[in-house]
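Below: the structure, in structure tokens.
Any read-out appearing in this document is the output of simple, stated calculations on the displayed coordinates, not a laboratory observation. Model, not experiment: these values are computed from the prediction. Counting neighbours? That spans all protein chains shown, and the Cβs are built from the backbone with ideal geometry, glycine included.
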Amino acid sequence: MWRLNRIDLLAGRFITVEGGEGAGKTTQITALKKRLNDLGIDVVVTREPGGSPGAEAIREVILSGKAKDLGVRGEALLFAAARADHVDTIIRPALAKGQWVISDRFADSTRVYQGEGGLDDSYLDLLETVAVDGIRPDLTILIDIPAKIGLARVSKRATTVAAGGPDRFEAEDTKTHERRRQLFLNLARKEPERFAVIDGTEAADHVEKDIWSAVELNFESDLSLDNTPSTAIGGR
Ligand code: T5A
């Protein structure tokens, strides 16, 4: 059951990674997970839409374009339903166990994609409150790249949804994606304490180092040597 303004004392840390198509989110999440694992931190990697069996079923409906006729409000409700299940069954339980959760997209993607689609802030606020049920990211890494570069990267992939090709949103034009990029940057400007904006045009290993610097800065006390296992500090 969800409650407004619930305050949970959760032991884990919640990192979300946001950005446009082909920004490098998946690539960087793999690298970040490895760095955290090397410090002995138990990490759950997940994604949206999806991440739980119920939400993955909704993902298929949305990204195939089957729900497009519902309009932007209907699609947003589906994203919210998927998120609510994801939060309840995957994210909150992992955080409660002290695991760190890294999610490839979260509520900011709805703000940006469905916001760009025409939904106003009050509707988005309402949906977000219900869907996240008090779970907010400790850190949001925004990988920023011009839409043109991201789309060029993903266009190299297969060309059907079933084969992992362009989905409902990827297929939209560059101007739309560029507007989304600016909306992500606006969110980051509004909440600079939560966001780390990373230049995604650099080589992947450079981006990885920039992300790690942001993580170290934000979780300094969690990552201090006192909290790491002996194997992480040369076997001492
Ligand atoms: N959506 C989602 C909404 O509308 N509302 C919502 O609330 C939510 C949650 C999800 C779609 O749903 C929309 C947004 C999306 O359109 P998805 O399949 O999950 O779609 O796709 P994306 O999240 O957009 O992920 P992508 O797979 O498209 O891109 P990534 O994960 O950002 O990029 P990645 O790591 O897969 O890299 C793409 C390619 O670039 C290369 C990689 O090797 C890969 O080939 N690459 C680089 N190349 C050069 N330099 C670098 N630094 C590189 N980093 C990666």
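For the chain, a simple Cβ point-charge model (Lys and Arg +1, Asp and Glu -1, everything else neutral) yields a dipole of about 340 debye relative to the Cα centre. Which angle between 0 and 90 degrees, to the nearest 10, do you get for helix 71-86 versus the longest principal axis of the chain when only C-alpha atoms count? Taking the Cα atoms of the chain, the angle to 71-86 is about 30 degrees.
Placing unit charges on the Cβ atoms only, positive for Lys and Arg and negative for Asp and Glu, gives region 9-146 a dipole magnitude near 460 debye about its Cα centre. Dimensions of region 66-152 from C-alpha coordinates, computed as largest minus smallest value along each principal axis and given longest first, are 38, 30, 26 Å. Think of it as helices only: each DSSP H run of n ≥ 4 in the chain is worth -39500 (n - 2.57), and spread over all residues that comes to -13000 deg cm²/dmol at 222 nm. The length gained on full extension between Tyr123 and Thr30, counted as 0.36 nm times the residue separation minus their Cα-Cα distance, comes to 30.1 nm.
Farthest toward the positive end of the dipole of the chain, out of Ser221, Leu63, Thr174, is the Cα of Leu63, where the dipole comes from beta carbon charges about the Cα centre. Structure note, pairs Lys34/Lys97; Lys34/Lys209; Lys66/Lys156; Lys66/Lys148; Lys68/Lys156; Lys156/Lys209: Cα-Cα distances above 21 angstrom occur for Lys66/Lys156; Lys66/Lys148; Lys68/Lys156; Lys156/Lys209. Taking trypsin sites (Lys or Arg not before Pro) across region 37-73, the ones in a DSSP loop with at most 11 further Cβ atoms lying within 10 angstrom of their Cβ are Lys66. Treating the chain as a set of equal point scatterers at the Cα positions, no solvent, please give the Debye-formula log₁₀ I(q)/I(0) at q = 0.07, 0.12, 0.15, 0.16 Å⁻¹. Log10 of I(q)/I(0), two decimals: -0.22, -0.67, -1.07, -1.22. Taking the centroid of alpha carbons for each part, region 13-40 and region 48-86 are 22 Å apart.
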